[in-house]
1. By DSSP, what percent of the beta bridges with both residues in the chain are antiparallel, rounded to the nearest 5?
2. Where does each of 17-24, 113-120, 224-231 land if you order them by average Cβ count within 10 Å, highest first?
3. From the cross-link list K57/K236; K157/K236; K146/K236; K80/K157; K57/K244; K157/K202, which pairs have alpha carbons spaced over 24 Å apart?
4. Give me the percent of the accessible area of the chain that comes from carbon and sulfur atoms, probe 1.4 Å, all protein chains in place.
5. Just to confirm, what accessible area per residue do you get for the chain at 1.4 Å probe, in whole Å²?
6. Counting only C-alpha contacts under 8 Å and six or more residues apart, can you give the relative contact order of the stretch 115-201 as a whole percent?
7. Could you order Y44, Y215, Y204 so the one with the most accessible surface comes first? Probe is 1.4 Å.
8. Once you put a point 7 Å from the Cα of Y44 and another 7 Å from the Cα of Q141, both along the Cβ direction, what distance in nm separates them?
Amino acid sequence: MRNFTIELNNEGASLTAYLPDLSPEMPHMNSRRAVLVIPGGGYYMCSAREAEPVAFKFLAEGFAAFILRYSLNENSVFPKPLEDAEQALGLIRENSSEWGVDPDRIAAIGFSAGGHLAAALSAQGRVRPNAQILGYPCILQSMCDKLATPVPEVFGKADENTPPAFIFSSFEDGTVPIANSLKYAEELDEKGISCEMHVFSKGYHGFSTADAQVYDKESDRDYNSRCADWAPLCFKWLDDLFGKC
């Protein structure tokens with residue numbers, strides 16, 4: 001596996017690549033599906049829990065994986081984070097042949113504030129992913145005003161170039177209410193954009209992969225255990241959308 005990090009134009013922003021080796025023994029894997037992982041953290045930080053653990057889930061399914069660490073804190077004034085996401089996606093497409101990536105099968109997955117950025121990239125980006133995956137995303141202005149710097153809401157921005165969406169969240173999320181997910185799904189429905197959504201009855205905000213990697217207390221993993229189902233559901237959705245490897 002090749003692993004490297006590219007510094008992006010904006011200060012502190014970077015793209016880390018995890019590229020499985022190409023081999024004549026696996027001829028169907030020479031042009032892989034890819035995922036751009038956008039961690040949450042309120043635009044104050046990029047959560048480690050929503051970075052490598054998520055990327056490794058996708059790597060295990062045969063994807064090439066990329067982690068975007070975007071502009072934060074005083075540098076998070078829009079459109080800087082969106083510029084980071086656009087540059088990252090552009091680099092993946094520009095280098096797709098060298099990196100063994102199918103440029104037409106790239107998903108962006110974001111969590112919480114990272115979900116806001118993934119949705120903004122999908123609805124407003126100069127370049128767009130082929131699918132958007134949003135985990136408990138910040139969509140509405142009521143949430144966007146509470147981040148490190150006020151960012152524009154994504155609600156109302158989807159257009160005919162916005163890709164299909166897979167959305168997952170928790171009814172019990174006390175940080176980002178599920179109204180954010182529901183309103184965005186409603187907007188996509190009104191605009192004829194395909195969407196699949198799963199709302200789990202239990203689960204803390206920030207459950208990420210909801211497994212042993214991301215919790216320091218066993219009780220947290222047990223409490224959030226059903227939330228881990230988002231991953232296999234998402235992979236089946238991507239199989240339907242992109243086709244299998």
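The values are calculated or read from the model by the stated rules, or taken from the named source; none is laboratory data. Computed from a predicted structure; not experimentally measured. Glycine gets a Cβ as well: all are built from the backbone with ideal geometry, and neighbour counts include every protein chain shown. The area values use the complete protein model at the heavy-atom level, side chains included, leaving out ligands, DNA and RNA. Shrake-Rupley method; radii C 1.70, N 1.55, O 1.52, S 1.80 Å.
1. Around 30 percent antiparallel, to the nearest 5.
2. The densest-packed peptide leads the list: 113-120, 224-231, 17-24.
3. From the list (K57/K236; K157/K236; K146/K236; K80/K157; K57/K244; K157/K202), the Cα-Cα distance tops 24 Å for K157/K236; K146/K236; K157/K202.
4. With neighbouring chains kept in place, the figure for the chain is 50 percent.
5. Details: 10280 Å² over 245 residues.
The answer is 42 Å² per residue.
6. 30 percent
7. On the way: Y44 125, Y215 35, Y204 100 Å².
So the residues, ranked largest to smallest area, are Y44, Y204, Y215.
8. The modelled label-to-label distance comes out at 2.4 nm.
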